[in-house]
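Written below as structure tokens is the structure these notes are about.
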Amino acid sequence: MLRQMEGSHAVAESVALCRPRVVACYPITPQTHIVEHLGMLVKRGDLADCEYINVESEFAALSACIGASAMGARTYTATASQGLLYMMEAVYNTAGLGLPVVMTLGNRAIGAPINIWNDHSDAMAAQNAGWIQLFVETNQQAVDVHIQAFRLAETTSLPVMVCMDGFILTHAHERIDMPDQAQVDRFLPAFEPQQMLDPDNPVTIGAMVGPEAFTEVRYLAHHKQLEALGTIEEQAQEFRDIFGRDSGGLVMSHFAEDAETVVVTLGSVIGTIKSVISELRDRGESIGALTIRSMRPFPKTRVGRMLKNARRVVVLEKAMAAGIGGILAQHVRWSLGTYSVPIYSVIAGLGGRPITRPSLRRLLDRAVKDQLELTHFLDLNIEEVDRELVRQRSGALSGPAAENILRDIGALRASKTG
Amino acid sequence: MFQVRIHGRGGQGVVSASQMMSVAAFNQGLHAQAFPSFGSERMGAPVTAFVRIDEAPIELREPVLDPDLLIVQDATLFGALDLFSGLTQTGYVLVNSQQSLRDLGIEDAVRSLPAGHVVTIAATELAWQYLKRPTPNSVLLGAFAAMSDWLELAAVEQAIQEKFPGKVGDANVAAARAAFSSINGDG
């Protein structure tokens, strides 16, 4: 049914259609409306046979999910930003134990400095935790991918994190084609756990494993992730057959196959990028885009195959590893193997800075002429950075950088209006 | 595509206005996207929300930089921010104020816009009269329905009822209708 709704509410209703038995959440910032709406659905009786547990922290939220999932219950939670960091030990444990928990990550920056806005720092902080990480471009995909996430988690016995841009998607109201219960029930069978705590047949989950077997357990985790590459594609196809729309699988291509310049990115920014790419293509430029939908497992072979004939690749991402640069860019470099395609790494949209068409036009105009530096920070105020560096090199007690920069920018504004 | 930027202060229902506008457009069979500017939300702080309306699905995720419609829920913002930034040459301006354009100091800024595209309406006063609350958003949506063909009053009324079910919704609908009539000159 077509409805105009907020991204968070749409995801909550999609999760409810998946009939979770346990939802455990910490409801305070950083959080989205998803858990609030799920709480209401449980209280109203719209989501039957579901235990909604309001816990005291994110660590407790995921710990409760681990327990519930080990008891054979379909289990869900949601968090963002610092909330994910606070539960990080349990994040690793969920994957290590092979428990198919589904979690929404409403992507946001990580402090310090404190920042509540969107980027992908939180997802990247968890990229090696063993979870499957799926990114979505739109709220419709968010709705659809959550349904696929439960199926995927339970098929693979791996936890799945659905990454959707905080605010840009979670707080946006747009048209959603909400699936009906019969469709979801057809796609998503009842949860049949691979392992279960049962007092009548006691087993240990989470035994201590020494050097004699740890490598094998870890190798198995890697193997299972690689196997999931096929499962994601198969289930995406099955989703198309039942729901009648394409919500994508491992990657999504926008004229990427035969383009000389290919922009590779993650998440909702592809919408704005597509608009600029259309302008450039109308001008005769050979340019396309490739969105990575599955960050873990990373579809290395597929990405390499799709990019190997490009003349240049521009990887635009909302996260950065200080000391090396682009994170997705490293993945793309690795995927290209021995193919010598130049890669331009662009860091953009950190801490909620809007990624606008004028900025993308300037960026891609330079990129298609190979005039871009190998690592580029979009819309960076380099004068301000230099000012702070001078201050720090002066040898005096220059003070905290973030506060200095804020003061400078405030002063600049005052001089403009004054 | 028709793009809208709504300026106001925390507590005035700026974000709700954008949501209701998108629902009204949806009710007319159009695609619509509404989203706030994501500041730290607190009463009285400047708040901005955005709406896009189109016949085709909307993919843009940038804030609205070149609005076709500017709604100003709080006229004290004219001195604090450059509200007219990016306004298209055939754009609309709808201001919540009892003052004239000259008294607001925006006469020059809106001079080149087409006739009938600039309206000031005492929306807070109308809201007090109908809702006993200073939330001018429903009034402004009713007013905009009278200014252009993009939104129909019936679709706006339905959106208001969905947002505020029951008596509160009825009062908001009455306020929106009053605004619609006052702009159309039959109030």
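The values are calculated or read from the model by the stated rules, or taken from the named source; none is laboratory data. Every value quoted in this text rests on a predicted model; they were computed, and no experiment measured them. In this analysis, Cβ positions are derived from the backbone assuming ideal geometry, glycine residues included, and neighbour counts consider all displayed protein chains.
Descriptive notes on the structure:
- Residue among A:12, A:64 that is within 20 Å of residue A:183 (Cα to Cα) and within 23 Å of the chain's Cα centre (by Cα): A:12
- Against the conditions (1) of a type in the set (S, T, N, Q); (2) surrounded by 10 or more Cβ atoms within 10 Å (Cβ to Cβ); (3) not in a helix (DSSP H, G or I), residue A:225 satisfies every one except (3).
- Filtering region B:29-62 to residues that are surrounded by fewer than 16 Cβ atoms within 10 Å (Cβ to Cβ) and either in contact (Cβ under 8 Å) with a residue 12 or more places away in the chain or farther than 28 Å from residue B:154 by Cβ (or both) leaves B:39, B:40, B:41, B:42, B:43, B:44, B:45, B:55, B:56, B:57.
- Strands (runs of 3 or more DSSP E) wholly inside region B:1-113 containing at least 1 residues that are within 14 Å of another protein chain (Cβ to nearest Cβ), more than 19 Å from residue B:139 (Cα to Cα) and touching a helix residue (DSSP H, G or I) at 6+ places or on another chain (Cβ under 9 Å): B:31-36, B:46-54
- Number of the condition not met by residue A:245 [criteria: (1) modelled with pLDDT of 95 or more; (2) in contact with a Ser or Thr (Cβ under 9 Å, 6 or more places away or on another chain)]: (2)
- Residue match in region A:176-189 (condition: surrounded by fewer than 24 Cβ atoms within 10 Å (Cβ to Cβ), in contact (Cβ under 8 Å) with a residue 12 or more places away in the chain, in contact with a Lys or Arg (Cβ under 6 Å, 6 or more places away or on another chain) and within 14 Å of another protein chain (Cβ to nearest Cβ)): yes
- When residues of region B:129-146 are limited to those that are at pLDDT 95 or above and of a type in the set (A, V, I, L, M, F, W, C), the one farthest from the chain's Cα centre (by Cα): B:146
- Within region A:390-418, being more than 29 Å from residue B:78 (Cα to Cα), part of a helix (DSSP H, G or I) and modelled with pLDDT under 85 holds for no residue.
- Any chance residue B:26 is aromatic (Phe, Trp, Tyr) and surrounded by fewer than 22 Cβ atoms within 10 Å (Cβ to Cβ): no
- Screening the candidates A:40, A:5 for the property of being of a type outside the set (Asp, Glu) and surrounded by fewer than 20 Cβ atoms within 10 Å (Cβ to Cβ) yields one hit, A:40.
- Residues of region A:3-52 satisfying the condition of being within 14 Å of another protein chain (Cβ to nearest Cβ), within 17 Å of residue A:147 (Cα to Cα) and either in contact with a strand residue (DSSP E or B) (Cβ under 7 Å, 6 or more places away or on another chain) or of a type outside the set (S, T, N, Q) (or both): A:7, A:9, A:10
- Condition check for residue B:119: more than 22 Å from residue B:81 (Cβ to Cβ) and within 17 Å of the chain's Cα centre (by Cα): no
- Strands (runs of 3 or more DSSP E) (entirely within region A:1-102) containing at least 1 residues that are free of Cβ contacts under 8 Å to residues at least 40 places away in the same chain and either under 23 Å from residue A:139 (Cβ atoms) or in contact with a Gly (Cβ under 7 Å, 6 or more places away or on another chain) (or both): A:51-54
- Applying the criterion of at least 2 residues that are within 14 Å of chain B (Cβ to nearest Cβ), surrounded by fewer than 22 Cβ atoms within 10 Å (Cβ to Cβ) and touching a residue at least 12 places away in the same chain (Cβ under 8 Å) to the helices (runs of 4 or more DSSP H) found wholly in region A:270-363 leaves A:270-282.
- Selection status of residue A:128, within 14 Å of chain B (Cβ to nearest Cβ), more than 17 Å from residue A:20 (Cβ to Cβ) and either in contact with an Asp or Glu (Cβ under 9 Å, 6 or more places away or on another chain) or surrounded by fewer than 18 Cβ atoms within 10 Å (Cβ to Cβ) (or both): no
- Residue match in region A:219-242 (condition: in contact (Cβ under 8 Å) with a residue 60 or more places away in the chain and within 14 Å of chain B (Cβ to nearest Cβ)): no
- Checked against (1) surrounded by fewer than 23 Cβ atoms within 10 Å (Cβ to Cβ); (2) touching a residue at least 40 places away in the same chain (Cβ under 8 Å); (3) more than 14 Å from chain B (Cβ to nearest Cβ), residue A:202 passes all but condition (2).
- Residue match in region B:159-178 (condition: in a loop (DSSP other than H, G, I, E, B) and touching a Phe, Trp or Tyr at 6+ places or on another chain (Cβ under 9 Å)): no
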